[in-house]
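Encoded as structure tokens, the structure appears first; notes follow it.
The values are calculated or read from the model by the stated rules, or taken from the named source; none is laboratory data. Every value quoted in this text rests on a predicted model; they were computed, and no experiment measured them. Because the Cβ atoms are built from the backbone with ideal geometry, glycine has one as well, and the counts that use them run over all protein chains shown. The area values use the complete protein model at the heavy-atom level, side chains included, leaving out ligands, DNA and RNA. Shrake-Rupley method; radii C 1.70, N 1.55, O 1.52, S 1.80 Å.
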Amino acid sequence: MMPILQNRRLIIFDWDGTLMDSISTICRCLAHAFAYAGLEDRGEAQYKEIIGLGLNDALAVLAPEADENLRERILEGYRHCFFGTPAAAMPLFPGVEETLSGLADAGYQLAVATGKARRGLDKVLTENPRLAALVSASRCADETRSKPDPLMLEELLDHYQLPPEAAVMVGDTVHDMEMAVAAGVLPIGVLCGVHDGSRLTQAGAQVCIPDPRFLLGKMD
């Protein structure tokens, strides 16, 4: 077990790019959504920058000129692509189920804080029932405030009746790290997703690890 987890009771995970290898699928669905709405492709680099945000917040960055009707058209295209994507196209990272199972066996509470909408998280949890059974609470961007606002974490802390210093936030983006800092929760960056260690550290990460397996001290 990583020493940084000592005296912590709650481990909160981001989803995309942290537990699930879904970054390429999200970029593909965003490209589809912009084409569906008759708009120019923004490119993978821009799509990656907004991963972790709620879709409405993401569109405020990617298409600030879009009115409500056009934004809804983009969202419709995204949902059409995402919900038509087979589970095999979005695998969990290697060792994720075993890692979360080991953390649960060690007595940690496990939660998810994601930029996904509730419907999207429910889809991937249904497709990964073993992992779903280990997650005891979750918050999504469409039922609270989007990252990096700390409300998502504050609601999870209230749910478990824990202070911020009892929790860690594990994520792959600067949005995750900034949210954790704002909530007073310890930020841990993972390097298997969108942002590199330098950016995660600048955003507040106290430590960066290659992937979630390292929380258990497994280096292979």
*Proximal charge balance of residue 182 [Cβ under 10 Å; K/R count +1, D/E count -1]*: -2
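Per residue, how much space in cubic angstrom lies within the convex hull of the C-alpha atoms of the chain? Could the numbers behind the result be given before it?
Numbers: hull volume 24.1 nm³, N = 220.
For the chain, the hull spanned by Cα atoms encloses 110 Å³ per residue.
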*State, to one decimal in nm, how far the label point of residue 160 lies from the label point of residue 6, with both points 7 Å from Cα in the Cβ direction.*
1.9
*Pulled fully out, how much extra length does the chain show between residue 101 and residue 24, if you take 0.36 nm times their separation in residues and subtract their Cα-Cα distance?*
25.1 nm
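On alpha-carbon atoms, Rg over Rh for the range 17-116 using Kirkwood Rh? Working shown, then result.
Working: Rg = 15.9 Å, Rh = 14.9 Å.
Radius of gyration relative to Kirkwood radius: 1.07.
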*asked:* Given a 1.4 angstrom probe, what's the average accessible area per residue across the range 131-193, in square angstrom?
replied: 35
*Can you give the accessible area of residue 160 in Å² (nearest 10), computed on protein heavy atoms with a 1.4 Å probe?*
40
*At a 1.4 Å probe, what is the % contribution of carbon and sulfur to the accessible area of the range 1-158?*
48
_Once the Cα gyration tensor of the range 58-140 is diagonalised, semi-axes √(5λ) in Å_ = 31, 15, 10
*Treating the angle as unsigned and between 0 and 90°, give the value, to the nearest 10°, between the Cα long axis of helix 118-127 and the longest Cα principal axis of the chain.*
60
*Choose one answer from 146, 24, 136: the residue with the largest mean-square fluctuation in a GNM of the chain with alpha-carbon springs under 10 Å.*
136
*Rank 114, 138, 34 by how far each Cα sits towards the positive end of the charge dipole of the chain (+1 on Lys, Arg Cβ; -1 on Asp, Glu Cβ) and give me just the farthest.*
138
*asked:* Using the Cα centre of the chain as the reference point, and only Cβ charges (+1 on K/R, -1 on D/E), how large is the resulting charge dipole? Debye, rounded to the nearest 20.
replied: 360
*Amide H neighbours of residue 9 under 5 Å, at least 5 residues apart or on other chains, H built in the peptide plane: list them.*
167
*Highest-fluctuation residue, 161, 206, 109 considered, GNM on the chain with Cα pairs under 10 Å*: 161
*Taking the Cβ-Cβ separation of residue 66 and residue 119 as r and a Förster radius of 22 Å, what is the calculated FRET efficiency to the nearest 0.05?*
0.55
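Using only the alpha carbons of the range 104-189, what is the convex hull's orientation-averaged projected area in square nanometres? Before the final figure, lay out each step's value.
Working: hull surface 21.5 nm².
It is 5.4 nm².
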_Under a Cβ-only charge scheme (Lys and Arg +1, Asp and Glu -1), can you give me the dipole magnitude of the range 1-45 about the Cα centre, in debye to the nearest 20?_
320
*Looking at 12, 56, 77, which one has the Cα that reaches farthest to the positive end of the dipole of the range 1-121 (charges on Cβ: Lys, Arg +1; Asp, Glu -1)?*
12
*Return, in residue-number order, each cysteine of the chain whose C-beta is not under 4.7 Å from any other cysteine's C-beta.*
27, 140, 192, 208
*Heavy atoms of residue 195: accessible area, 1.4 Å probe, square angstrom to 10*: 10
*Between residue 87 and residue 46, what is the spin-label point distance in nm, taking each point 7 Å from the Cα along the Cα→C-beta axis?*
3.5
